[in-house]
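The values are calculated or read from the model by the stated rules, or taken from the named source; none is laboratory data. Note that this is a predicted model, so its numbers are computed, not measured. We place every Cβ from the backbone using ideal geometry, glycine too, and count neighbours over all the protein chains shown.
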């Protein structure tokens, strides 16, 4: 009996697993709704930090041109958001940027971008953690001369930040919502408290600061 020749050519392409089915690497269906997608982005803006630090620095450098700076920046943000929305429609995946770069450019480019991004995040967030640790040590504990206190606070703070990510996506989004609500309430309470202090003039005004 003659042997059957082996088929030549590449193997037939397999259809990708639907989102949320066994064997799929995509995010499970129903894990994030519209609110869950919006809140991490809104929290990333960090309104309190930007109001107290970034905006003040920009005003000191750009002066009255700050609104124009925000408008120009918005053009780039809208372009980025539009590109991501189109990519998410064509390539729905939890891999986000890496998936889009892999499909559009190639695996090597995606790996290079991923490594650069991880290193950048380590440097950027490492500096933020150190800043928070130093700030808490100086302003909450009064800057005691205790060796290693800032390092301990920084490590504890980093663990608290990473914990919601490790526990799960839904839990992380809920923590984000709670902390963002606390931040907004705090921003609203500060000027109200300044206006309601008995016997003292309010340090806040709706009029522009004199130049």
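Cβ separations smaller than 8 Å between residues 6+ apart or across chains give the following pairs from the range 58-73 residues that are more than 16 Å from residue 47 (Cβ to Cβ) to residues that are assigned to a helix (DSSP H, G or I) and modelled with pLDDT of 85 or more: 62/69.
The residues of the range 51-71 that are surrounded by 11 or more Cβ atoms within 10 Å (Cβ to Cβ) and within 30 Å of residue 101 (Cα to Cα), listed by number, are 69, 70. If residue 90 satisfies all but one of (1) at pLDDT 75 or above; (2) within 30 Å of residue 175 (Cβ to Cβ), what's the number of the condition it fails? Condition not satisfied by residue 90: (2). Checking the conditions here, which among 84, 57, 27, 68 is under 30 Å from residue 174 (Cβ atoms), out of contact with any strand residue (DSSP E or B) (no Cβ under 8 Å at 6 or more places or on another chain) and modelled with pLDDT of 75 or more? The conditions single out 84.
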